[in-house]
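The values are calculated or read from the model by the stated rules, or taken from the named source; none is laboratory data. These numbers were taken from a predicted model, which means no experiment stands behind them. Ideal geometry is used to build each Cβ from the backbone, glycine not excepted, and the neighbour counts take in all protein chains shown. All accessible areas refer to the heavy atoms of the entire protein, side chains included, with ligands and DNA or RNA removed. Shrake-Rupley method; radii C 1.70, N 1.55, O 1.52, S 1.80 Å.
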Amino acid sequence: MDLGGIRISNRPEASTEPDVAQIASLYTSVRALTRELCAPLSDADATIQSMLDASPAKWHLAHTTWFFETFVLRDHVPGYRIYDPDWPFLFNSYYEAEGARLARAARGLLSRPSLAQVIDYREAVDAALLVALGQLAPDVLAIVELGCHHEQQHQELLLTDILHAFAQNPLQCEIWQRDANPSMPAAKKAGWLPMYEGLAEVGCDTGNGLGFAFDCEGPRHQALLHPHQLADRTVTNAEWLAFMADGGYDDARLWLSDGWAWRNSEAVRAPMYWQESDGEWTSYSLSGGRPIDLDAPVCHVSFFEADAFATWAGARLPTEFEWEASAATHDPLAGNLLDAGGDIRPRGAGDAPAFFGNVWEWTGSAYRPYPGFRAADGAIGEYNGKFMNSQFVLRGGSCATPRGHVRASYRNFFYPHQRWQFMGLRLARDCA
Ligand SMILES: [Fe+2]
């Protein structure tokens, strides 16, 4: 398959020729972090699939490797031989252009290959790719770069899928060590940022000198923002408990119709991973169960829950462009983002208005193409474009997002009932 000449990302034209040394460094660090995140897992831990939306850690390890093997080594390195001809069927995720594949629901049935065999696969592909890197054309280096950002997305999915799997285990396992100092900075009282209105430049354009961006982040264009204000922080657990105490989960008037049906069918009464015992709420994270941290951002709530909360609060969810216009002046490297080996959970935001890290923020915007968007031809064109229906955009990254992966124009997207990612919300309100 030839991917030559197609644009697979919104990498600006001014920097369309990635530097080999930079790509090698990015590749090596990304691949190492994935392994580090899986270090506490046994083969059994890495094999189970706890729900249809989630994938086994072992599958994530192999799928991200399949991406490099297929779209770089197979297609652009003469003489490369597929590591195991039976494995592409197992580890192709959703690429129709790559043919038949294992059903998603069957990923948790792959007791073989073993975790050790998958790690051997990773090491073989790493060795072949690093040898080939210096010989790759610029457009193929861009595919390697895309593969690194793809793997960073899977690092977060891997963590949230592991969390969901362990949350089914009554042992409340501590996979990662807790902080030596468990105290959190207190969240300040919520306030409103200054009113904003007018035309905003949004999205990531080509030719502006910025770094990598996915194709769905562009083209850059103008959006008209009506007078509004954003809250200066995300909603906290204390505020969510007030919503619950006020009957928020039981008042149909607060809920969208589909949301109310979901709340009823799933018997939803609290955020995911919350448990009540003798009137006290606790939550489970990968460092075990603990009392609800009142100052931390509420997390693991669906779009339906977020929308109901905003209605209860007399506010609404921001649009993705309202969020982006305000976030554009903030540092995407700051905030509570993923640090390997750390205690991965949202924390109190302190006094600084933070737009990045902690929890992905639901917006009221549908995940749809920007004006002028066109998916690339071929398999890589399936990366984003074909998912642009029935999902909502989330912004800002979370405590499980690798540092450096998120930016103001970054568009995450999930279905409105989903909440196993680190998902929270920020309020917005109209002015006049
Ligand atoms: Fe993937």
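For the stretch 416-421, 3J(HN,Hα) computed residue by residue from phi via the Karplus equation (6.51, -1.76, 1.60; θ = phi - 60°) reads x, 8, 7, 8, 7, 6 Hz, glycine and proline entered as x. Applying 1/(1 + (r/R0)^6) with R0 = 25 Å to the Cβ-Cβ distance of ILE82 and ARG374 gives a FRET efficiency near 0.20. Residues in the stretch 196-430 average 37 Å² of solvent-accessible surface per residue, probe 1.4 Å, ligands and nucleic acids excluded. Among ARG81, ARG316, the sequence by solvent-accessible area, most first, with a 1.4 Å probe is ARG81, ARG316. For the stretch 196-430, the Kirkwood hydrodynamic radius from C-alpha pairs, put into Stokes-Einstein at 25 °C and a viscosity of 0.890 mPa s, yields a diffusion coefficient of 133 µm² per second. The value obtained for the stretch 2-167, namely the Cα convex hull volume divided by the number of residues, is 112 Å³ per residue. Please give the calculated 222 nm ellipticity per residue for the chain, where each DSSP H segment of at least 4 residues contributes -39500 (n - 2.57) and the sum is spread over every residue; nearest 500 deg cm²/dmol? It lands at -9000 deg cm²/dmol. For CYS204, the residues whose modelled amide H falls within less than 5 Å of its own, excluding neighbours fewer than 5 places apart on the same chain, are GLY218, ARG220. For the set ARG220, ARG374, the ranking by accessible area, highest first and with no ligand, DNA or RNA atoms included, is ARG374, ARG220 under a 1.4 Å probe. In summary, the helical segments of the chain meeting the span-like criteria, namely a full DSSP H run, a Cα extent along the axis of 20 angstrom or more and a mean Kyte-Doolittle hydropathy of at least -1.0, are 20-38, 115-132, 138-167. Here, the stretch 337-422 yields an orientationally averaged convex hull projection of 7.3 nm² when only Cα atoms define the hull. Annotation: amide H-H contacts under 5 Å for ARG233 (H modelled 1.01 Å from N, sequence separation of 5 or more, or interchain): GLY191. The chain gives an Rg/Rh value of 0.96, both radii derived from C-alpha positions and Rh following Kirkwood.
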